[in-house]
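Data first, discussion second: the structure below is written as structure tokens.
The values are calculated or read from the model by the stated rules, or taken from the named source; none is laboratory data. In this text, all values refer to a predicted model and were calculated from it rather than measured experimentally. Glycine gets a Cβ as well: all are built from the backbone with ideal geometry, and neighbour counts include every protein chain shown. Each accessible area value is taken on the protein alone, full model and side chains, heavy atoms only, with ligands, DNA and RNA left out. Shrake-Rupley method; radii C 1.70, N 1.55, O 1.52, S 1.80 Å.
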Amino acid sequence: MTVGPSATAPALTLRPWQDSDIPAVVAAHRDESMRRWLTRSIGNEDQARAWLAEVDAGWAADTLLSWAIEEEGALVGYFVIKAANPPKTLATGVGYWTVAEARGKGIASRCVEAATEWLFSGQEIMPADEIELLHTVGNAGSCRVAQKCGYVLDSVLAPLPPEFPDQGHRHLRKRPS
């Protein structure tokens, strides 16, 4: 999948994860700022391999579509579309992270917007009427991405320790009528 260039940035390529990405994934997860917001941190190559196996299983089950984000050949992030999982959530979800050097360049918002358009386009892989973007309260960057992409703050979520020790924001975008 390709996300077209913007006025100030080159095109992005969303591609399947590869074993050769393992060192870059581990390096990305060493970033304190990123680890602060993630529910799962990857600390070594074995954990990265296990994560890649889960990504592959998600693709096989059509429940988790995950891509490596490249900009001009460099790995700059991760993007995921998660299938609705009743009763836990009735909405399809989007998620992402970007490496420290790539933050503030609009990469996450461009990917969220492209995925939103695709999810609402009538495709049959993962049909969606609502898409949610969840993040921890305090993650101002993710809040800006949600707002920029037309996701409305739907609710403040109570903490659910141990996985979610802090309050969260649930942003929602509904299929246009």
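Quick test for you: out of Ala84, Ala91, Ala108, pick the one residue that is modelled with pLDDT of 95 or more, closer than 17 Å to His171 by Cα and under 15 Å from the mean Cα position of the chain (by Cα).
Answer to the check: Ala108.
Considering only the stretch 102-148, how many residues are hydrophobic (A, V, I, L, M, F, W, C), farther than 24 Å from Ala11 by Cβ and in contact with a helix residue (DSSP H, G or I) (Cβ under 7 Å, 6 or more places away or on another chain)?
1
Restricting attention to the stretch 1-27, which residues are open to solvent by less than 40 Å² (accessible area, probe 1.4 Å), outside any loop (DSSP other than H, G, I, E, B) and over 16 Å from Asp46 (Cβ atoms)?
Val3, Leu12, Leu14, Arg15, listed by residue number.
Are any residues in the stretch 156-170 in contact with a Gly (Cβ under 9 Å, 6 or more places away or on another chain) and surrounded by 14 or more Cβ atoms within 10 Å (Cβ to Cβ), and if so, which ones?
Leu157, Asp166
Restricting attention to the stretch 28-54, report how many residues are assigned to a loop (DSSP other than H, G, I, E, B) and under 15 Å from the mean Cα position of the chain (by Cα).
The number of residues fulfilling the criteria is 5.
Please go through (1) open to solvent by 50 Å² or more (accessible area, probe 1.4 Å); (2) of a type outside the set (S, T, N, Q); (3) over 23 Å from Ala11 (Cβ atoms); (4) modelled with pLDDT under 95 for Leu153 and return the number of the only condition it doesn't satisfy.
Leu153 satisfies every listed condition except (4).
May I ask you to say which residue of Ala102, Ala140, Ala146 is of a type in the set (A, V, I, L, M, F, W, C) and open to solvent by 40 Å² or more (accessible area, probe 1.4 Å)?
Only one candidate qualifies: Ala140.
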